[in-house]
Each structure stands twice: as structure tokens, then as C-alpha cells.
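Input: a single structure, listed below in C-alpha cells.
The values are calculated or read from the model by the stated rules, or taken from the named source; none is laboratory data. Computed from a predicted structure; not experimentally measured. Neighbour counts are summed over all protein chains in view; Cβ atoms, including those assigned to glycine, are modelled from backbone coordinates with ideal geometry.
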Amino acid sequence: MPTLDPLMRRAIAERVRFYNELGIYDFYRREARVSEQDTVLSAIHSDALVPTLPIELDTMLAKKSAAAPKTPEGNIFEVITPNPEQRVSDPIAALKLIREDLGDCTRCKLHKQGRKQIVFGVGNPRAELMFVGEGPGADEDAQGEPFVGRAGQLLNNMIKAMGLRREDVYIANVVKCRPPGNRTPERDECDTCSPFLMRQIAVIKPKVIVALGAVAAKNLLAINAPMSELRGRFYDFTPSGARSNDPNWQGAKLAVTYHPAFLLRDPRQKGEAWKDLQMVMKYLELKPPQKSE
Ligand code: SF4
């Protein structure tokens, strides 16, 4: 693959983003005949980089997420090249391929800031409900599983109150390595890591995603708003830059609620979080467990 100068790279990213916003994800590139740079330059100004046809534009526009996150510039070639998991239908095998692709990841600076291990995600690969937090903490880093500390216990209680078990849902984070001192993951770290989360979502095909806390919500929705504005409604969500191989899956509903760690610090907000979960339960037709259970 040729090395592109930043200007060209940005221009191609803009073009890919434009098509992604229309719901178009499949592309081909013409072979370079003269020189790679000339071809790339002409691709920017012509239709050399074009979506696979035929395209039902109306359908594509209908699929467009109201809040589709942007495609990070650094990952444009992951959009152009189909991801390996798209070739398998079994979600367990597909998630394994994503994990293998992630490898012993050094893509962002979190890999050298004290992480013990990558925390990929856990749960039912066919889950209808998925929870997404911001990143692993100390317990998660030690055990290699998201939400296993005190906040994890509270999340388990929240899941149980919805009439489900932890193993019924899928749980992941925006970044897969622990930020030092549990600081908030930075923008470049989220942009680098989140394409893997998008691919996990595209494989799992949940009906509902619950974003736990403002960091997860803002990264998934690409909306910069306070929690008070983000909560209390569903968003249409399609994973940016990743495509499900199931044409019947048109994306998920996304709801925002408080991060369990925040609820531990301010238990008065548990009632508000319960309202968010009840909205999800209604959509998924879930019933709270009977008292005797
Ligand atoms: S946070 Fe994500 S992108 Fe960064 S090193 Fe860890 S796995 Fe890689």
C-alpha cells in the first residue's frame, strides 16, 4: 500500500465518510497504472473510488443513522477492505476473528501505559442487549473482563432487575486497555480503538445498546451534549465503518444511562437510571423478575 501524504489521506477520508453517511460501505479501487500518487489524486477528483453498484439510494438514505459517528481518518482502509469476520456467519467465530485481528494491540498509546491485558468484551455473541462503557478499570485490567469490580456488581444487579442474566447480554467498552489512574480515555485513543467495538456490534447485531455514561454515549453517537440531554430517548444507531453480513439487521436502538461507577458515587441517581432501563425493557418486552426468583 502506498504511503499517502496527509492532504490526500484527508481528502479520501472525506470521500469515504460522504458515502458512509449515505449508508454505502462497499468500495473498489482501480489498479494504479501510471503512478500510485497520480491514481490516488485522480481518485479524489473523479469517481475512481466509487461504491459497488447497483445501489438503491432511497434504501441507503433510510438506513443512514441519525447520529452515525464519523469514520476515523486513520481507519479508512479498514472501510475499503472487507473485514475478515464478514465472511463467517457464526458470531462466535466472527468475534474470534476480530480478537485475532486486534492481536497484542499497540495501535494507541494506552498499550504502553501500564495495561496488564486487553479487555475485549464478554457475553452472549447473539445478545439482543449490549452494554458499552468507557474503558477497563483496575479490576477489569486484572481479570481481563469488563465490569467485574464494584461497578460491575451494580451492573449485574441492573441486568437482573431487567429480568436478564449477565450471560444473556454482551458487555464491552469504547477502549479495551485501562487508561492510567482510571483517567478518561482521550479522543485519539477512542478513535483508534472504537472501530473494533463497531465491528463487535456489527457481528452481535443487538436490538438495543445501552451506553453507560457520557464518554460511551458521546463516542457512540458523536454528540457532545450533557447527560441530561442525552438520556431519556432512543437513538437510531448503525456501527460506523463496520457492516453486518446480515442484510436484515438495520442497526440498533441506543439508549444512554449513567455509568454504574457514577451511581455508586451518587446513589440518588439510581431512580433515574432505572427509568432509562425501563424504557429499554419496554422496547425489548422484558418483564422484571418475580420476587420469588
Ligand atoms: S486501547 Fe484499543 S487501540 Fe489502544 S492499545 Fe488498547 S486495544 Fe489497542
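Overview of results
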| item | result |
| --- | --- |
| Identity of the residue in the range 177-213, basic (Lys, Arg), over 22 Å from PRO82 (Cβ atoms) and within 15 Å of the ligand (Cβ to nearest atom), that ends up surrounded by the most Cβ atoms within 10 Å (Cβ to Cβ) | ARG178 |
| Close pairs (9 angstrom Cβ cut-off, 6 or more residues apart or separate chains): within 9 Å of the ligand (Cβ to nearest atom) in the range 111-132, among the basic types (Lys, Arg) and not in a loop (DSSP other than H, G, I, E, B) anywhere | ILE118/ARG99; PHE120/ARG99 |
| Test: residue in the range 169-187 that is modelled with pLDDT of 95 or more, among the acidic types (Asp, Glu) and under 21 Å from LEU95 (Cα atoms) | no |
| Residues within the range 220-263 that are touching a Ser or Thr at 6+ places or on another chain (Cβ under 7 Å), without any contact (Cβ under 8 Å) to a residue 60 or more places away in the chain and closer than 26 Å to ASN83 by Cβ, tallied | 0 |
| Residues satisfying the stated conditions in the range 165-176, i.e. more than 17 Å from THR257 (Cα to Cα), within 14 Å of the ligand (Cβ to nearest atom) and in contact with a Phe, Trp or Tyr (Cβ under 9 Å, 6 or more places away or on another chain) | LYS176 |
| Any hit, the range 91-109, residues being among the small types (Gly, Ala, Ser), more than 11 Å from the ligand (Cβ to nearest atom) and either modelled with pLDDT of 95 or more or in a helix (DSSP H, G or I) (or both) | yes |
| Residue count, the range 211-228 (criterion: within 11 Å of VAL132 (Cα to Cα) and either within 11 Å of the chain's Cα centre (by Cα) or modelled with pLDDT under 95 (or both)) | 5 |
